[in-house]
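Everything on this sheet refers to the single structure shown next.
The values are calculated or read from the model by the stated rules, or taken from the named source; none is laboratory data. Because the structure is predicted, anything quoted here is derived from the model rather than measured. Methodologically, a virtual Cβ is constructed for each residue, glycine included, from the backbone with ideal geometry; neighbour enumeration extends over all protein chains shown.
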Amino acid sequence: MTAPAPLHVELVDLVASRALKRGTFRLASGREASFYLDAKQVVLDAHGAMLVGRAILERLRGLGPLPAAVGGMSIGADPVTGAVVTMAGVEGQPLKGFMVRKEPKGHGLQRFIEGPVEPGQHVVIVEDVVTTGGSSLLAIDRAQEFGLIVDRLVAVIDRLAGGREALAARGIPLESLVTIRDLGIEPDAA
C-alpha cells in the first residue's frame, strides 16, 4: 500500500482541525447528525482554498482532459469553484467557472446558470460537502437543462451517507478529496 500523498494528508488535517464540529446538528438533508462538517472554514481560508483548488485540479487531470468548466450550487460550491479556477489560472490552464442559482434572478437574463459557459460544453460539478446528494442532483439538473454535459461531481468532503449511490443512479461518478473515514468516523456513527 502506498503512503497518502502529502497534499491529501494536509487537506485531511485541515478539515479535521477547522471543519469538523461535534455535537447534535440538523443537516440540509433534514437528517440529524452527531457531527457537522463546515467546509467553508477550509475553502474560505487562503491556504485551504489553495489546497482544495490544487487537489481538485490534480484529480481532474488524473481522469483525462480538463473539462471546459467547473461549478455548482450557490453558495456552497462558489468558493470551491473559485479555488479551482484560480489555481488553474496560476498553472496556465484554461478553465472557466459557473454558478448554479437556487432560483433565477428576477431581472437580467433570469437564468439558473451564471458564468461563461455554453450549451454543449463538458463540465464537472463541484460541491463542498455531499451527504445524500440532493443539492448536487439539483445542480446537475440545472446544468443539464441549460445544455451542459456533466461528466462527474467532485466534492471536498463526502459524508458517505448515500450521495455516491444517488449520483451513480443518475450515471454521475462522485470523486471526493476527503471522506468521513479519513477523519476517523464510520458512516454508521453519522
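Residues of region 50-73 that are part of a loop (DSSP other than H, G, I, E, B) and crowded, with 18+ Cβ neighbours inside 10 Å: 67, 68. Would you please name the residue that is nearest to residue 116 (Cα to Cα), looking only at residues in region 71-97 that are small (Gly, Ala, Ser) and either free of Cβ contacts under 8 Å to residues at least 24 places away in the same chain or in contact with a His (Cβ under 7 Å, 6 or more places away or on another chain) (or both)? Step by step, filter region 71-97, then rank; the result is 89.
Listed here are the residues, each with its yes/no results for (1) at pLDDT 95 or above; (2) under 30 Å from residue 6 (Cβ atoms); (3) part of a loop (DSSP other than H, G, I, E, B); (4) not basic (Lys, Arg).
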| residue | (1), (2), (3), (4) |
| --- | --- |
| 99 | yes, no, no, yes |
| 105 | no, no, yes, no |
| 120 | yes, no, yes, yes |
| 124 | yes, yes, no, yes |
| 128 | yes, yes, no, yes |
| 132 | no, no, yes, yes |
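Only a single criterion out of (1) part of a loop (DSSP other than H, G, I, E, B); (2) surrounded by 15 or more Cβ atoms within 10 Å (Cβ to Cβ) is not satisfied by residue 85, namely (1). Looking at 85, 129, just one residue is in contact with a Leu (Cβ under 8 Å, 6 or more places away or on another chain) and over 18 Å from residue 179 (Cβ atoms), and that residue is 85. Of all residues in region 39-49, none satisfies being in contact with a Phe, Trp or Tyr (Cβ under 7 Å, 6 or more places away or on another chain), of a type outside the set (Gly, Ala, Ser) and surrounded by 14 or more Cβ atoms within 10 Å (Cβ to Cβ). Residues in region 7-43 that are assigned to a helix (DSSP H, G or I), touching a residue at least 60 places away in the same chain (Cβ under 8 Å) and either touching a Cys at 6+ places or on another chain (Cβ under 7 Å) or closer than 23 Å to residue 85 by Cβ (or both): 7 in all.
Look at residue 115 and say whether it is touching a strand residue (DSSP E or B) at 6+ places or on another chain (Cβ under 6 Å), farther than 22 Å from residue 171 by Cα and of a type in the set (Gly, Ala, Ser). When the stated conditions are applied, residue 115 passes them. Is it the case that residue 161 is among the small types (Gly, Ala, Ser), surrounded by fewer than 21 Cβ atoms within 10 Å (Cβ to Cβ) and not in a strand (DSSP E or B)? Spelling it out, residue 161 is indeed among the small types (Gly, Ala, Ser), surrounded by fewer than 21 Cβ atoms within 10 Å (Cβ to Cβ) and not in a strand (DSSP E or B).
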